[in-house]
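Here is the structure we will look at, set down as structure tokens.
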Amino acid sequence: MAATEGLVLRRAIQLRPWAVAAGLLALIFALVRSFGVGDNQSAQTFTLVFTAIVAEALPFVLLGAFAAALLEVYVPDRVFDRIARLPVALQLPAAAAGGFAFPVCECGSVPVARRLIAKGMHPSAGLAFMFASPIFNPIVLGSTWVAYKARGLGLEMVLGRAGLGLILALVAGWAIGADGAVDLLKPRSENRDHDHNDASCCSDQKPFVSHLMDDFFYMGKFLILGAALAATMQALLPQSVIAGAASSPVTASLALMGLAFVSSLCSEADAFVAVSFTPFPVGSQLAFLVFGPVLDFKLFFLYGATFRRRLLGSLAVVAIPVTVAGALWFEVALR
């Protein structure tokens, strides 16, 4: 009886973000209509961009949820324990590259990283996995290729995103976790650990389909809001404002990195949003694709609940210059 009531309560809580998303989406539609009074071009632009992004990206969100459910239900912890027994010099690149074999989104990578560090993996390696897995995995790279192939940049964007994502994961993991686990993980009381273990046990017994649906609906709401944000920007923002932000590679990269932080998209679908920012240089679009899965608004709270406060400041200090520098280099390489 208690389990049933808990399941009902959880479902009710999960529906609340969708209600908020629906309300915000209705508000955006109203704003588009109001700005397009006498001229429906803005409303038409919003509808076309929004529909195109959601239609193209939703299958990849479903695929990502499918992979995450497989990982949660069928992959045993001992697979990760083997990496923890390697020397630190090998743990770091092995963990960063592990995202290709264990594709999880940015939200799923946080509890996995905590579990790896708590079980003995060097913090640098655990953080490298956490930062790399939402970028360097086949689902994300596949969606990036599909999003950019029409522009003839599919292979270039895949290589650029994978390369810069790995570099950022390695640099950030080494810089932040170099001192070991001291003051990195937030301590948990015995009761809380017990509750967490009980929850994990129940989660292991939870059907695969339930995991799949939970992840799909959780990631889907961020996709819808992100698509609405991208469509609104193209429909309502004056071209002078967009041109000003995109006037130089540095300001364009910083602008799209800020947008990535606010929009909090899922990495399985963010490429379809990034490719719609056609006034911005391709390098700044790469900055959007690399920075968002490492540090965005939702991750801000997830990191805060898992790690000490110093991780956020250290991550920003490392991620911003590395991403901007990589985006500039990528822009020059394409030219």
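Read-outs throughout are calculated quantities, based only on the coordinates presented, and are distinct from any laboratory measurement. Predicted model, so just to flag it, every value in this text is computed and none were measured. Note that we place each Cβ from the backbone using ideal geometry, even for glycine, and neighbour counts take in every protein chain shown.
Two numbers describe the Cα atoms of segment 249-335: Rg and Dmax, which are 13.0, 42 Å.
Arranged by the count of other C-beta atoms within 10 angstrom, fewest first, what order do V171, V262 take? Let's see the in-between values first.
Working: V171 16, V262 13.
In increasing order of surrounding Cβ atoms, one gets V262, V171.
Taking segment 284-331, which trypsin sites (Lys or Arg not before Pro) meet the DSSP loop condition and have no more than 16 other C-beta atoms within 10 Å? Intermediate results must be reported in sequence, preceding the final value.
Working: sites: K298, R308, R309, R310; in loops: R308, R309.
Here the trypsin sites (Lys or Arg not before Pro) that fit, given the DSSP loop and packing criteria, are R308, R309.
Amide H contacts of F307: K186, each under 5 Å away and 5 or more positions distant or on a separate chain (H built 1.01 Å from N in the peptide plane; Pro and chain starts excluded).
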